[in-house]
Every structure is written in C-alpha cells, then in structure tokens.
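To keep things clear, I will list the structure first and then write my remarks on it.
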Amino acid sequence: MNLGWLRFTGWIAAWMALVLLPMAIALAGELPATRTRLKEAAALLGFVGLGLLAMQAVVSGRQRWFARGLGQDDLLQFHRRTGETAWLLVLVHPLAMFAADPSQLAWLDPREDLLRAGSLWLLLAAVSLLLATSLWRQQFGLSYERWRALHGVLAFGVVALALGHVLLVDHYTAQAWKKVALVVVVGSALWLTVETRLRRPWQRRRRPWTVVDVAPEPGAATTLRLRPDGHPGLAFVPGQFAWVTLGDSPWRMQQHPFSMTSPADQAEIWFTIKPAGDFTGGIASTRIGSRAWIEGPYGVFTWQPGFAPHGAVFVAGGVGITPFLSMLRTARARRGQDRLWLFYANSDADSIIAREELDVLARELPLRVVHVLDDPPDGWTGEAGHIDADMLERHLPAEVGTMLAYVCGPAPMADAVEPVLLERGIPAKNLYSERFDMV
C-alpha cells in the first residue's frame with residue numbers, strides 16, 4: 001500500500017471516528033432501560049446523523065489540520081455525498097421512531113408542545129432547504145454570494161437545532177456529563193463555522209493586497225495582478241489556489257477560489273479568471289488600485305521543477321490551463337529541465353489563453369504543447385476533436401507509464417481523459433485531477 005492510500009485510509013478512519021463520537025458518548029456509562037429494537041435503532045441513527053452534520057463543518061471549512069494531502073475536488077464531492085447521507089438520516093430517524101411508537105407522532109403536533117414541535121419541523125425544513133439549495137443553486141436563481149450566506153446560516157442553525165433536540169429528549173443524555181460532552185464535541189464544529197466565516201477575515205485584515213493590473217485575455221478571460229500591501233505576500237507551490245475577496249473589507253461574502261497563474265518566486269500574485277457567474281462576470285471592470293484579500297494557499301494539485309524526473313503530462317480544458325501556467329512559468333524562472341507535455345483543449349482558436357506565451361515556453365523549456373480544438377479554423381494544423389488514446393499515442397513517448405499526469409478542466413473532460421491515461425499505463429497514484437465545477 002503506497003503512502004497516498006495510507007494517508008487516505010487514516011483520514012477516513014479519523015472522519016468515521018468523529019462521526020460516531022456522539023453515539024459513543026450516548027452509549028457510554030449508565031444506559032437507560034432498553035426499548036424495542038426499532039426504537040433503539042432509530043435513536044442511534046439520530047446520533048449518527050448529528051455526527052454527520054457536525055462533521056460537515058470540519059470537511060467544508062478548509063481545515064488544513066484535517067484535510068492535509070487531499071484535493072479540493074475530492075473534499076467537495078465527499079462533502080456533497082455525506083451531506084445527502086446526513087439529510088437521509090435526519091429524515092429516517094423520526095420515521096423509524098414513529099413506526100416503532102406511533103404515539104410519538106404527537107411530538108409533531110404544535111398543540112401538544114409548540115416549542116418541541118416547532119423546533120422539529122424547523123430542523124427538517126432547514127436540512128431540506130440546505131440540501132436543495134446546494135444541489136440546485138442555479139435552479140433556485142441564487143447567486144453564489146447569496147447561496148454562500150444562506151448555506152452558512154442554515155448549516156449553523158441545523159447543527160444547533162439537532163444538538164438542542166438531542167439534549168432535550170433526555171433519554172440517552174440524562175446524565176449531565178453526557179450533555180457537557182456533546183456540547184463540547186458539537187460546539188467545536190459550530191466554532192469551526194464561526195472561525196471560517198468571521199475569525200479568518202479578522203486575521204486577514206492586516207494583510208491587504210492592491211490590484212495593480214487588470215489585463216484582458218483570450219476567451220473573455222481577465223488576469224488580475226495583485227501586489228502585497230505592507231506584508232511579504234504569500235508563499236505557494238505552483239498549482240495551488242487561493243480564495244479571493246475584492247473590496248475594502250475582508251468580510252464580504254463574494255469570496256471565490258482561483259488558481260494562481262504567477263510564478264511561485266515573486267511577490268505579485270496573478271489570477272486568470274473566466275466569466276462564469278455574477279462575480280466573475282464583473283472581473284474585467286475591477287478598478288486598478290482597489291483592495292483585495294487572499295486566503296490560502298490551498299490544494300495538493302501541485303508540481304514544480306524536479307518533482308517529475310521522468311517527465312509529466314499536463315491536460316487542460318479551457319480555463320483549466322491556469323494552474324499549469326503557474327507551473328510552466330515557475331519552471332522557466334527556475335530553469336527546469338523536466339520533460340513536459342501539455343495537451344490544451346479549447347472550443348476554438350480565439351479561446352486559447354496565453355497562446356503566444358505557451359509558444360515561447362515551448363522554445364525555452366523541454367515542453368511540447370499540443371493544442372486541441374473542437375471547432376478548428378481553416379488551415380489549422382493542430383489536433384481537433386477530443387483527447388483520446390490515439391492522440392496520446394501520437395505525441396507521448398513509450399515510457400509514459402513512468403510519468404506523472406495532471407488533468408484540470410470541466411468534469412466531462414476529466415471523466416473522459418482519466419481512463420485514457422490509465423490505459424496508457426500511468427498508475428492511478430501518479431494521476432492528479434481537479435474539476436472546475438466546485439459550486
């Protein structure tokens with residue numbers, strides 16, 4: 001078993017232990033009188049659901065101590081799937097409880113107990129709204145900023161309501177020490193939500209950045225160049241990304257993740273951004289001299305000169321070229337000698353970001369650039385269509401199985417290219433992917 005699988009196995013084990021911690025607290029010490037199996041199973045499902053809900057704040061909160069070695073794409077997909085599971089448990093828990101003891105349907109009757117019934121209905125509605133707006137944000141017509149604010153409020157409220165419900169039921173938690181332990185455990189998750197949304201901006205307020213250039217790029221993209229204002233800047237590894245906020249305050253909700261495109265060894269940081277929503281659609285009108293705030297760096301989709309002695313294959317789709325620009329610019333600055341192949345897919349020739357610079361980099365580095373267009377112009381001499389096994393066979397050497405491979409772009413492209421690279425002999429442990437569909 002390689003180091004990556006060991007790290008992943010350890011991470012999953014730690015996550016499962018924390019998810020089950022509320023149930024472990026409930027089952028510790030003196031236990032209440034046993035009820036029917038279905039009723040006990042329903043109660044324990046509630047504790048597991050509480051653990052899942054609490055751990056959502058840990059997984060999604062960009063906690064380096066917990067997510068070390070895992071990619072943002074992996075964490076996002078994990079967060080989504082476990083969120084769906086938590087919603088299912090929150091729904092199954094009362095249904096199973098009512099099936100075991102129909103008399104408890106009275107808990108949903110506000111005429112019996114307005115506070116108890118109201119909190120239960122509110123919890124179910126909040127969890128459902130949280131899941132629905134996360135899965136179908138665009139269908140709800142929510143901008144990213146409004147969704148992010150709503151998501152944070154709902155997530156905090158759901159976990160707090162679930163904790164309150166567990167404490168008030170008082171069956172497994174009749175002992176005071178259990179109540180205290182649950183408040184500490186779940187309260188820590190709630191604190192992480194506050195820490196992400198409030199404490200980190202407070203820390204960043206002393207590290208502002210200034211927009212020094214706003215440069216148009218092909219494909220309607222824009223490159224922002226930011227200079228540190230009164231501090232040394234940000235150290236990062238090529239391929240990493242950061243969360244960027246524009247405006248006078250670091251507490252604004254429009255915080256978005258972008259890959260750095262600048263070389264890693266300079267004070268200025270560059271981000272090349274393509275319009276894809278409300279915020280990115282206005283990037284081109286950013287005023288030079290305005291303030292910006294950066295949180296990061298994050299991500300394990302990284303490469304730097306000397307990291308791939310047998311060479312590396314880069315596959316980019318559209319704006320997925322951004323992390324590779326940082327890698328290649330850093331390689332040029334450090335006079336890297338790694339053999340590199342870049343397959344860059346775009347819809348048409350006018351959408352190729354940094355085309356002229358890539359031509360220069362191909363002359364200055366041991367780099368082969370293969371442009372692939374869906375709609376090539378007349379006289380096009382490059383590749384057309386989609387990246388497939390035959391195309392890789394034409395351009396890659398026979399020893400491709402010893403190289404590292406990086407794929408960055410839309411999910412359909414990544415889903416299509418990854419199996420092809422594996423079939424060409426690249427081991428799964430040498431294949432790194434980032435999908436540009438985070439929200």
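The values are calculated or read from the model by the stated rules, or taken from the named source; none is laboratory data. The model shown is predicted, which means the values in this text are computed figures rather than measured ones. Methodologically, a virtual Cβ is constructed for each residue, glycine included, from the backbone with ideal geometry; neighbour enumeration extends over all protein chains shown. For the accessible areas, the whole protein counts, side chains as well, though only heavy atoms, and no ligand, DNA or RNA atoms are used. Shrake-Rupley method; radii C 1.70, N 1.55, O 1.52, S 1.80 Å.
Once the mean of 1/r is taken over each pair of separate Cα atoms and inverted, the stretch 1-156 shows a Kirkwood hydrodynamic radius of 17.6 Å.
Between R227 and L115, residue separation times 0.36 nm minus the direct Cα-Cα distance comes to 35.0 nm. The alpha-carbon positions of the chain define a convex hull whose volume is 172 Å³ per residue. Exposed loop positions in the chain were taken to be GluC sites (Glu not before Pro) whose DSSP state is not H, G, I, E or B and which have at most 13 other beta-carbon atoms within 10 angstrom. Between these positions, the longest stretch is 113-439. Sparsely packed loop sites in the stretch 197-243 (the chymotrypsin sites (Phe, Trp or Tyr not before Pro) outside DSSP H, G, I, E and B with at most 15 other Cβ atoms within 10 Å) do not occur. Dividing the mean sequence gap of close Cα pairs (under 8 Å, 6+ apart) by how many residues the stretch 162-255 holds gives a relative contact order of 20 percent. For the stretch 378-432, chymotrypsin sites (Phe, Trp or Tyr not before Pro) meeting the loop criterion (DSSP other than H, G, I, E, B) and having at most 13 other Cβ atoms within 10 Å: W380.
Computed over every Cα-Cα pair of the stretch 328-389 and binned at 5 Å starting from 0, the pair-distance distribution P(r) comes out as 4, 17, 27, 21, 15, 11, 4, 0 percent.
With contributions of -39500 (n - 2.57) from each DSSP H run of at least four residues, the per-residue ellipticity at 222 nm computed over the chain stands at -14500 deg cm²/dmol.
Contact order for the chain, expressed relative to its length and based on alpha carbon pairs under 8 Å spaced 6+ residues apart, stands at 12 percent. Comparing F343, F66, F140 in a Gaussian network model of the chain, where Cα atoms under 10 Å apart are tied by springs, the biggest mean-square fluctuation is seen for F140. Shown here for the stretch 45-143: trypsin sites (Lys or Arg not before Pro) in loop regions (DSSP other than H, G, I, E, B) with at most 16 other Cβ atoms within 10 Å, namely R68, R111.
For V194 and Q139, the difference between the fully extended length at 0.36 nm per residue and the C-alpha to C-alpha distance is 17.0 nm.
Of the solvent-accessible surface of the stretch 74-145, computed with a 1.4 Å probe over protein heavy atoms with every protein chain present, carbon and sulfur atoms account for 68 percent.
Under the Kirkwood approximation applied to all pairs of distinct alpha-carbon atoms, what is the hydrodynamic radius of the stretch 244-369 in Å? Across the stretch 244-369, the inverse of the average 1/r is 16.0 Å. Solvent-free Debye calculation, one equal scatterer per alpha-carbon of the stretch 118-271: log10 I(q)/I(0) at 0.12 Å⁻¹ equals -0.72. Maximal additional length on extending the L422-W202 stretch stands at 74.7 nm, based on 0.36 nm per residue less the C-alpha distance. Specify whether the C-alpha gyration tensor of the stretch 364-439 places it in the rounded, prolate or oblate class, a ≥ b ≥ c being the square roots of the eigenvalues: rounded for a/c under 1.5, otherwise prolate if a/b is larger than b/c and oblate if not. Judged from the Cα gyration tensor, the stretch 364-439 comes out oblate (a/c at least 1.5, b/c at or above a/b).
With contacts taken as Cα pairs under 8 Å and at least 6 residues apart, the stretch 288-439 reaches a relative contact order of 24 percent. Amide H to amide H distances under 5 Å link S290 with V211, where only residues 5 or more positions off or on other chains count and H is placed in the peptide plane. Kirkwood-type hydrodynamic radius, the stretch 185-227: 13.3 Å, calculated from all non-identical alpha-carbon pairs.
Straight-distance candidates among the aspartates and glutamates for linking to K39, with alpha-carbon spacing under 17 Å and chain neighbours fewer than 8 residues away dropped: D101, D170. Per 5 Å bin from zero, what fraction in whole % of the C-alpha pairs of the stretch 311-439 is there, up to the bin with the longest pair? Computed distribution, short to long bins: 2, 10, 22, 24, 22, 14, 5, 0, 0.
Here, the stretch 79-147 is characterised by an Rg to Rh ratio of 1.09, where Rg is the alpha-carbon radius of gyration and Rh the Kirkwood radius.
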